[in-house]
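Data block below; observations after.
The values are calculated or read from the model by the stated rules, or taken from the named source; none is laboratory data. All figures in this text were calculated on a predicted structure; none of them were measured in a lab. Please note: Cβ atoms are built from the backbone with ideal geometry, for glycine as well, and neighbour counts cover all protein chains shown.
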DNA sequence: GAAGTTCTGTGAGGTTTGATCACATGGCTC
DNA sequence: GAGCCATGTGATCAAACCTCACAGAACTTC
């Protein structure tokens, strides 16, 4: 009997949001409900499945292995639903279309967006999430946010607005009490993302370090799941500052070797010489917001 | 704001079931609710999306183009969710595991299953849906239902239990008033399924007919969506009798050229010489149920 | 063409689900 | 141990959802 016994779908949605954010409070914000609602939904879901999806102390919750697997699958499935949904009408043509890296949107851009909206109430903004290539014309994108090195782009004006600090991060539990040496880290499982497979190499280059091959390599589709996996103690991730700032502050993650400035920076791309006025305003705001973002303490 | 505005998920689930079955009543059965609940859910969903998903007279409802696209995407997404769900415990080892073609399960097997359960109350059965290859041992399958020609199988005992009658089917509207000739059908868009790409060729061979290339070819992942597409007037499908029996009876579809016996038959596969007693009982019941299924009227 | 069949649409009413608020609890930091 | 932060939970209320029963629409049958 086909899929007669799917668990409550609203619970799945709540859990998926929790999986991406790693905190019920943030998931609750995204879904516009209180943290209590999320808490109940997830508990209900765990009860239904008979499997623990979260573990650890209440104030520092992590995903279990089963939870991580489920959350990743759900993200994919919900993305697919989102993609096949018939769009009633395209957003008004005058809306500023911003194409942004998914995790950067979630962890950096969206929390700061209200400030832009407050300053420019007449400029409606729509964020779409994508990490792949794009076409300004075909995709109706006014401004894109991507990681870029210094190489020039043929058909885009590139404005770096945020430095990119990276370094190995892991959970305090996994680090144990041992000395936080390069060698110790090298012996732990290493986590990667599909979107930026070169981050470890980049870090080695920038840091002038050299790591032995990892005992285990594990790849994730998204940064946020890699970070949750690191928090769950599954291995060492190459964490960009903008994405792990809160987790470092709260102690969910630690960066024993510190963070160093990476070569690519976060950049705003606009069509060469043709940025719309709204896109220019948004770009200027990005530069200001980037400058106002504190760099990691003690970064090189 | 990632996926802040997904429509009500329960509505999506209801619509997806409706999409597969083509009738609210059947979708309601699957979800164990009344047809009224499904009706409201779908209406609600259409309202939310601002797009018509169904059309046609109330007693002969069809999917719109948008509805078909959405339903197919949802089936895929919900299948994915089902696949990543952590399984609490595997079904008890003594449960008879039957691997069945998805559409055959939905349209033929599941409606008849209560009869088996009534006859064999001590033999718990679990149907899993799959159209691909399988491994008796690795997948824990006791009996599989697949389409097979006459060729022997190296490691399975093959028991045909149902003849396979096929023929071109289409909606009465698409047929119009014209004469139901081979030529007229050949000029209409032709529908295919990914799982049985050869059905048209097979029919041509068996019928001794020869069709010109279709003006449009369109492929679907599942038989049930191909059938819904045919009902919606999108083209001509190669309909197996077991799947279109009800639709032919109700007049939602017509088979102007009749149905002929196809070469492959629906077969029960058991591990060579190692069928469990329960699997043998199930196989015997399949043979009886197949013999009791009326062949299409006037079939060759 | 009247009665019967088979679906879906819908009003009224009840039940369940789910959200909120406010407070409790547990782990951490300082 | 005071203060902070995040989650868990009891009580309560609102909204979502389902059922029942009946109505209506399209078709078939006699």
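Taking the criterion of being more than 14 Å from chain B (Cβ to nearest Cβ), at pLDDT below 85, more than 16 Å from DNA strand D (Cβ to nearest atom) and touching a helix residue (DSSP H, G or I) at 6+ places or on another chain (Cβ under 8 Å), would at least one residue in region A:143-150 satisfy it? Break it down stepwise before answering.
Let us first name the residues in region A:143-150 that are more than 14 Å from chain B (Cβ to nearest Cβ), namely A:143-150.
Now narrow it down to the ones that are at pLDDT below 85: A:149-150.
Within this subset, residues satisfying the condition of being more than 16 Å from DNA strand D (Cβ to nearest atom) are A:149-150.
In the following step, the residues that additionally are touching a helix residue (DSSP H, G or I) at 6+ places or on another chain (Cβ under 8 Å) were identified as none.
Scanning region A:143-150 turns up no residue that is more than 14 Å from chain B (Cβ to nearest Cβ), at pLDDT below 85, more than 16 Å from DNA strand D (Cβ to nearest atom) and touching a helix residue (DSSP H, G or I) at 6+ places or on another chain (Cβ under 8 Å).
Identify all residues within region B:44-60 that are more than 10 Å from DNA strand D (Cβ to nearest atom) and either under 18 Å from residue B:20 (Cβ atoms) or in contact with a strand residue (DSSP E or B) (Cβ under 9 Å, 6 or more places away or on another chain) (or both); write none if there are none.
B:46, B:53, B:54, B:55
Just one of (1) surrounded by fewer than 17 Cβ atoms within 10 Å (Cβ to Cβ); (2) touching a residue at least 40 places away in the same chain (Cβ under 8 Å) trips up residue B:71, so point out which.
Only one criterion in (1) surrounded by fewer than 17 Cβ atoms within 10 Å (Cβ to Cβ); (2) touching a residue at least 40 places away in the same chain (Cβ under 8 Å) is unmet by residue B:71, namely (1).
State all residues of region A:25-52 that are more than 8 Å from chain B (Cβ to nearest Cβ) and within 21 Å of residue B:84 (Cβ to Cβ); if no residue qualifies, say none.
Here is the first cut: in region A:25-52, the ones more than 8 Å from chain B (Cβ to nearest Cβ) are A:25-29, A:33-48, A:52.
Of everything in region A:25-52, those that are more than 8 Å from chain B (Cβ to nearest Cβ) and within 21 Å of residue B:84 (Cβ to Cβ) turn out to be A:27, A:38, A:41, A:42, A:43, A:44, A:45, A:46, A:47, A:48, A:52.
Take region B:1-24 and flag every residue that is under 17 Å from residue A:81 (Cα atoms), touching a residue at least 12 places away in the same chain (Cβ under 8 Å) and assigned to a helix (DSSP H, G or I). Break it down stepwise before answering.
Step one: list which residues in region B:1-24 are under 17 Å from residue A:81 (Cα atoms), which gives B:1-20.
If we keep only those that are touching a residue at least 12 places away in the same chain (Cβ under 8 Å) too, we end up with B:7-8, B:10-20.
Those that are under 17 Å from residue A:81 (Cα atoms), touching a residue at least 12 places away in the same chain (Cβ under 8 Å) and assigned to a helix (DSSP H, G or I): B:10, B:11, B:12, B:13, B:14, B:15, B:16, B:17, B:18, B:19, B:20.
Go through region B:31-61 and give me each residue that's away from DNA strand C (no atom under 12 Å from the Cβ) and outside any loop (DSSP other than H, G, I, E, B).
B:31, B:48, B:49
Within region B:88-123, how many residues turn out to be over 24 Å from residue A:50 (Cβ atoms), more than 14 Å from chain A (Cβ to nearest Cβ) and either at pLDDT 90 or above or outside any helix (DSSP H, G or I) (or both)?
Number satisfying all stated conditions: 5.
If the requirement is being within 16 Å of DNA strand D (Cβ to nearest atom), touching a helix residue (DSSP H, G or I) at 6+ places or on another chain (Cβ under 6 Å) and away from chain A (no Cβ under 14 Å), which of these qualifies: B:253, B:248? Break it down stepwise before answering.
Values: B:248 fails: touching a helix residue (DSSP H, G or I) at 6+ places or on another chain (Cβ under 6 Å).
Residue meeting the stated conditions: B:253.
Since residue B:261 meets every condition but one in (1) under 26 Å from residue B:157 (Cα atoms); (2) at pLDDT 90 or above, which condition does it not meet?
Going through the list (1) under 26 Å from residue B:157 (Cα atoms); (2) at pLDDT 90 or above, residue B:261 breaks only (2).
Against the conditions (1) touching a strand residue (DSSP E or B) at 6+ places or on another chain (Cβ under 6 Å); (2) surrounded by 20 or more Cβ atoms within 10 Å (Cβ to Cβ); (3) more than 20 Å from residue B:201 (Cβ to Cβ), where does residue B:287 fall short? Just the number, please.
(2)
Mind counting the residues in region B:186-221 that are under 22 Å from residue B:131 (Cβ atoms) and surrounded by 14 or more Cβ atoms within 10 Å (Cβ to Cβ)?
Of the residues in region B:186-221, 14 are under 22 Å from residue B:131 (Cβ atoms) and surrounded by 14 or more Cβ atoms within 10 Å (Cβ to Cβ).
Looking at region A:213-221, can you tell me whether even one residue there is modelled with pLDDT of 90 or more, touching a strand residue (DSSP E or B) at 6+ places or on another chain (Cβ under 8 Å) and within 14 Å of chain B (Cβ to nearest Cβ)?
Yes, that holds for at least one residue.
Does region A:69-86 contain any residue that is more than 10 Å from chain B (Cβ to nearest Cβ), in contact with a helix residue (DSSP H, G or I) (Cβ under 8 Å, 6 or more places away or on another chain) and assigned to a helix (DSSP H, G or I)?
Taking region A:69-86 first, the residues more than 10 Å from chain B (Cβ to nearest Cβ) are none.
No, because not a single residue in region A:69-86 is more than 10 Å from chain B (Cβ to nearest Cβ), in contact with a helix residue (DSSP H, G or I) (Cβ under 8 Å, 6 or more places away or on another chain) and assigned to a helix (DSSP H, G or I).
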